[in-house]
Ligand code: BT5
């Protein structure tokens, strides 16, 4: 980081950011350190991850040029899912701060992805600590074109739109905006995140398929439940989905 950049943009007061050229996984490193009684605001960033991970043991491709950043948040495991929404909203704000609000139309894909032109540009991984009182929020953001082998969704990057974003600046912006959204959540609860997130939601009121470990459900994406579950409208009534993979359009049922 250049000294001029460091002086203009800083992590929030009390936050501690450690950066590695290469690491297995920023979530894993945070998990190791948090074991020794760390508090909120410990942040791990890496230029490259060798074992970056997604949900359900999936791989997160992590070449150089992108942002890989994990933040330790004090939140009970029961509200861990809500933290993902603070993360998505914070990441939108941070990216818009860097490229300009009117330049990109970032959309939220339930539960925690960001899409740009219907392509996945960011994923967020939430992992609870064994103490059940802290959650790790891990952000992977494709700033540059990234090759993904096992692709579930189309993959995008900021450079697809000719936009150049510096990972280091974005890391600092993201820490600041995450601190702000966490304050909103603590003051006003999940209700204060619902509308901002829904205004950005991809596929609202449209047909979707939700893939669960042992079944696929088809219905309409009707909104978010009181704690961030996906409300799926089916012929038989509404169903709340706490976790799953969403695909847009009824044709994806097979
Ligand atoms: C996610 O999982 O989207 C959460 C990804 C979180 C990654 C960050 S990086 C910093 C921190 N440290 C970690 O080790 N992880 C976090 P999921 O919804 O399960 O999506 C995973 C799927 O996305 C994969 O199975 C691929 O299909 C696809 N994928 C893999 N790498 C990708 C990439 N760089 N960009 C877009 N899609 C990718």
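Report the extension gain between residue 180 and residue 145 in nm, rounded to one decimal, defined as 0.36 nm multiplied by the number of residues separating them, less their alpha carbon distance.
Values: separation 35, 0.36 × 35 = 12.60 nm, distance 2.94 nm.
Length gained between residue 180 and residue 145: 9.7 nm.
Highest average first, the peptides 163-172, 87-96 ordered by how many other beta carbon atoms sit within 10 Å of their residues are 87-96, 163-172. In terms of its alpha-carbon gyration tensor, segment 144-253 comes out oblate; a/c meets the 1.5 threshold, while b/c is at least as large as a/b. Taking a ≥ b ≥ c as the square roots of the eigenvalues of the Cα gyration tensor, an a/c ratio of 1.5 or more together with a/b no larger than b/c marks segment 127-183 as oblate. Extending 7 Å from the Cα toward the beta-carbon at both residue 159 and residue 10 defines two label points whose distance is 3.3 nm. Hey, quick one: spin label on residue 198, modelled 7 Å out along Cα-Cβ, who in segment 95-137 has an amide N within reach, i.e. under 20 Å? Label zone hits: 106-115. A crude spin-label estimate for the pair residue 243 and residue 117, with each label 7 Å from Cα along the Cβ direction, gives 3.3 nm. Between 0 and 90 degrees, the angle of helix 167-188 with respect to the longest Cα principal axis of the chain falls at about 60 degrees. Relative to the longest principal axis of the chain, what angle (0 to 90°, nearest 10) does the C-alpha long axis of helix 80-99 take? Taking the Cα atoms of the chain, the angle to 80-99 is about 60 degrees. Which translational diffusion coefficient, to the nearest whole µm²/s, is obtained for the chain from the Stokes-Einstein equation, given a Kirkwood hydrodynamic radius over C-alpha pairs, 10 °C and 1.306 mPa s? It comes out at roughly 86 µm²/s. Would segment 85-137 count as rounded, prolate or oblate if I go by the C-alpha gyration tensor, calling it rounded below 1.5 in a/c and otherwise prolate when a/b exceeds b/c, oblate otherwise? Because a/c hits 1.5 or more and a/b exceeds b/c, segment 85-137 counts as prolate. Between residue 105 and residue 36, the C-beta separation translates, for a Förster distance of 30 Å, into a calculated FRET efficiency of about 0.10. For the pair residue 58 and residue 211 in one chain, pulling the backbone fully straight at 0.36 nm per residue adds 53.6 nm over the alpha carbon distance.
The alpha carbons of segment 1-75 stretch over 38, 30, 17 Å along the principal axes, in descending order.
Consider all pairwise Cα distances in segment 33-113 and report the whole-number % of them above 17 Å. I get 62 percent for the Cα pairs in segment 33-113 exceeding 17 Å.
All of the numbers you see were taken from the coordinates with simple rules; none came from a lab. Keep in mind it's a predicted model, so treat the numbers as computed, not measured. Virtual Cβ from ideal backbone geometry, glycine too; neighbours counted across all protein chains shown.
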